[in-house]
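Read through the structure below, which is laid out as structure tokens, and then see the notes.
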Amino acid sequence: MMLNPESTQFGHEAVSPEQKTEKVIEVFDSVASKYDLMNDIMSGGVHRIWKNHLIRKIRPRAGLHYLDVAGGTGDIAFRIREKVGNGAKITLCDLNTEMLSVGRDRAINKGYLNDFEWITGNAEALPLPDNSVDVYTIAFGLRNVTRIDNALTDAFRVLRPGGRFFCLEFSHMEENYMQKLYDAYSYAFIPKAGELITKDRASYQYLVESIRKMPTQNALKDRISKAGFSKSTFENLSFGIAAIHSGSKR
């Protein structure tokens, strides 16, 4: 039986699972056009370092099928494409069509006209066949999934035997005093920046709250294992502000 304790949590608000999915779609409809700009502002550009480190861990090579879930604006897919050239299949899947639209526009601006497959879909029930993907990535998307355990199980389903799972996500800092400082910064600055830049304070208030609702590193590690993955492990980034989780399908 799936755990999915986050399915009735939209930040600090109690909702039904159906309401959570609808509200997440509304958030990313609202922030899509300024999503990448706000990532730079909120993290001081550090998210780029984290994503580059993720790519180094993946070690992309040609001849494989890469699936980036919740990857609408293309940051991870573009980095993989830069490493493998046009010698791999790269699929981007996102629940939100507005995010995918931004990603397609960015791809065209980079000269990538037919380099990616773009599909609208839910991480909990991906529109892909069993055993069809070599590498699954999800960056800063798992905390927005309504049923995290369902998404982990479906990631396992679509990966081929020997396939690898990678999740880059905000997490929990290693020291309590550092967490308190980070919380104070997040609650004071991020919603205000969202209000000034995107005219949408509420969406960024949710994003701050959603980080606090993420499972701890060890709890998520265990849930990845329960989904069927072997070698489930994690690496903290920036003292635990974010973490990279990974696992393999036997």
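Kindly indicate the residue of segment 194-215 that is surrounded by 16 or more Cβ atoms within 10 Å (Cβ to Cβ) and aliphatic (A, V, I, L, M) and also farthest from residue 147 (Cα to Cα) among those meeting that condition.
208
For the subset of segment 72-95 comprising residues that are modelled with pLDDT of 95 or more and assigned to a loop (DSSP other than H, G, I, E, B), which member is surrounded by the fewest Cβ atoms within 10 Å (Cβ to Cβ)?
Residue satisfying both the conditions and the ranking: 88.
Being of a type in the set (A, V, I, L, M, F, W, C) and either free of Cβ contacts under 8 Å to residues at least 24 places away in the same chain or surrounded by 14 or more Cβ atoms within 10 Å (Cβ to Cβ) (or both) is the filter here; which residues of segment 99-127 pass it?
Of all residues in segment 99-127, those of a type in the set (A, V, I, L, M, F, W, C) come to 99-100, 102, 107-108, 113, 116, 118-119, 123, 125-126.
Within segment 99-127, 99, 100, 102, 107, 108, 113, 116, 118, 119, 123, 126 qualify.
Just a yes or no: is a residue in segment 160-172 over 15 Å from the mean Cα position of the chain (by Cα), crowded, with 20+ Cβ neighbours inside 10 Å, at pLDDT 95 or above and under 30 Å from residue 130 (Cβ atoms)?
Within segment 160-172, one or more residues are over 15 Å from the mean Cα position of the chain (by Cα), crowded, with 20+ Cβ neighbours inside 10 Å, at pLDDT 95 or above and under 30 Å from residue 130 (Cβ atoms).
Take the conditions under 26 Å from residue 65 (Cα atoms), surrounded by fewer than 22 Cβ atoms within 10 Å (Cβ to Cβ), of a type outside the set (Val, Ile, Thr) and modelled with pLDDT of 95 or more and apply them to residue 218. Does it pass?
Taking the combined requirement at face value, the residue does not satisfy it.
The values are calculated or read from the model by the stated rules, or taken from the named source; none is laboratory data. Not measured: the values here are computed from a predicted model. FYI the Cβ positions are ideal-geometry reconstructions off the backbone, even for glycines, and counts take in every protein chain you see.
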